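The next block holds one structure in the form of structure tokens; read it before the comments.
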Amino acid sequence: MKTVTLEVATIEDVKRRTLEAFKGRRQRARIGFATPELLWKVLTAKRWDLLKVMAGAGPVTLREVARRVGRDVKAVHADVHALLDAGLLDKTAQGRIIFPFDAVHVDFTLRAA
């Protein structure tokens, strides 16, 4: 199962993992965000719904994604592009959209201010 981990990570964390990868140590698929607020700004409830309907679906058209979530194509277009920019979705050579993971794991810790 190919799982992507969404996490809140410092630049130092990212640099450390990058160095480990250059040394040949295998890294899990991760997408880091500077703050929990930024993670939730990118991963809204409607975008989470998009990921749920796309998991395991293979490459689909934007119109098909909109049909599956019961939303307007224009609104889905904006959400799909935000998820493409974040690295959660990919676009095939044929222009279809694909969720290249089997699962999403969200990992961050809430601490007292």
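The values are calculated or read from the model by the stated rules, or taken from the named source; none is laboratory data. Bear in mind that the values here come from a model prediction, so they are computed numbers and not experimental data. Cβ sites come from the backbone with ideal geometry, for glycine too, and all protein chains shown count toward neighbours.
Which one is modelled with the lowest pLDDT among residues in region 1-49 that are among the aliphatic types (A, V, I, L, M) and within 11 Å of the chain's Cα centre (by Cα)?
Per the criteria, the residue is A29.
Being basic (K, R), touching a helix residue (DSSP H, G or I) at 6+ places or on another chain (Cβ under 9 Å) and farther than 28 Å from R28 by Cβ: is that true of R96 here? Break it down stepwise before answering.
Numbers: basic (K, R): yes; touching a helix residue (DSSP H, G or I) at 6+ places or on another chain (Cβ under 9 Å): yes; farther than 28 Å from R28 by Cβ: no.
No; evaluated as a whole, the condition is false for this residue.
Quick one: in region 74-88, of everything that is of a type outside the set (D, E, K, R) and within 18 Å of L38 (Cβ to Cβ), which residue is nearest to the chain's Cα centre (by Cα)? So that I can check it myself, show each step before the final result.
Kept after step one, since they are of a type outside the set (D, E, K, R), are these residues of region 74-88: 75-78, 80-84, 86-88.
Keeping just the survivors that are within 18 Å of L38 (Cβ to Cβ) gives 78, 81-84, 86-88.
Values: A78: 14, H81: 11, A82: 9, L83: 6, L84: 8, A86: 6, G87: 5, L88: 3 Å.
In this case the residue turns out to be L88.
Per-residue answers, yes or no, for (1) in contact with a Gly (Cβ under 6 Å, 6 or more places away or on another chain); (2) among the aliphatic types (A, V, I, L, M); (3) surrounded by 12 or more Cβ atoms within 10 Å (Cβ to Cβ):
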residue	(1), (2), (3)
D49	no, no, yes
V53	no, yes, yes
L62	no, yes, yes
K74	no, no, no
P100	no, no, yes
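Tell me which of these V4 doesn't satisfy, since it passes every other one: (1) out of contact with any His (no Cβ under 8 Å at 6 or more places or on another chain); (2) outside any loop (DSSP other than H, G, I, E, B).
Going through (1) out of contact with any His (no Cβ under 8 Å at 6 or more places or on another chain); (2) outside any loop (DSSP other than H, G, I, E, B) one by one, V4 breaks only (1).
Taking D79 as meeting all but one of (1) acidic (D, E); (2) in contact with a helix residue (DSSP H, G or I) (Cβ under 7 Å, 6 or more places away or on another chain); (3) surrounded by fewer than 16 Cβ atoms within 10 Å (Cβ to Cβ), write down the number of the exception.
(3)
Suppose we keep only residues that are touching a strand residue (DSSP E or B) at 6+ places or on another chain (Cβ under 9 Å) and of a type in the set (D, E, K, R) within region 77-113. Which one would you say is nearest to R63 (Cα to Cα)?
By that ranking, first place goes to R96.
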